[in-house]
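Reviewing the structure listed below.
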Amino acid sequence: MTLSGFARAAACGAALTAAAIAPAKAHGYLVQSFPSRKAHLAESPRHISLLFSLRADANWSTVRLERDDGVVLAEKTQPTTSRSFRMEAPKLSPGAYRVRYRMLTPDGDLMQGKVDFTVEE
C-alpha cells in the first residue's frame, strides 16, 4: 500500500469510527436559583425559583423546601414542561434551609441537587 493509499484508508476508517460513535447527550444543570446557593437572607423568601439548562418534565419533576434537619415544609410537582420552576414559600423562621430538586429532562436524564440557604435573625 502506498503512502497516499494508506492515508485514504486511515481517513476512511476514522470517518467510519466517528459515524459509529453516538453524539454525546447534553446533561441538564441548575443555571440559577432564588435563594442562591449559600445565601444569607435578611428575611424569609416569599418564593423559591429555579432555572435549569433544559426543560423539566411536568408531573415527574419535584422541588422540596426542607429545614436543615430534613423536615419537609413545602413540596411541589412541576406543573408544566418548562426550564423554570416557581413555588410559594411559607414564612420561615431564622435558621438553615435546603431546597432539593429532582428534575426529569426530555431525554430521560434525572437532574438532582440542592440549594442550601440561611434566613438570618
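Things worth noting here:
- Other residues lying with their Cβ under 12 Å from the Cβ of GLN112 contribute a combined charge of +3, Lys and Arg counting +1, Asp and Glu -1.
- Remark: relative contact order (the range 28-119) = 35 percent; criterion is Cα-Cα distance under 8 angstrom and separation of 6 or more residues.
- For the range 74-121, the relative contact order works out to 35 percent when only alpha carbon pairs closer than 8 Å and six or more residues apart are counted.
- Label point 7 Å beyond Cα of ASP109 along Cβ direction - residues of the range 68-84 with amide nitrogen under 18 Å: 82-84
- Around THR80: net Lys/Arg minus Asp/Glu count, Cβ-Cβ under 13 Å: +3
- In plain terms, the bigger the Kirkwood radius, the slower the diffusion; for the range 28-119, with that radius from Cα pairs, at 25 °C and 0.890 mPa s, Stokes-Einstein puts D at 188 µm²/s.
- Anchor LYS76: aspartates and glutamates whose Cα lies under 18 Å away (excluding residues fewer than 8 positions away in-chain): ASP57, GLU66, GLU88, ASP116
Laboratory data are not the source of any read-out in this text; all were calculated from the coordinates shown. Everything numeric here is computed off the predicted structure, so don't read it as measured data. Note: ideal-geometry Cβ built from the backbone for every residue, glycine included; neighbour counts use all protein chains shown.
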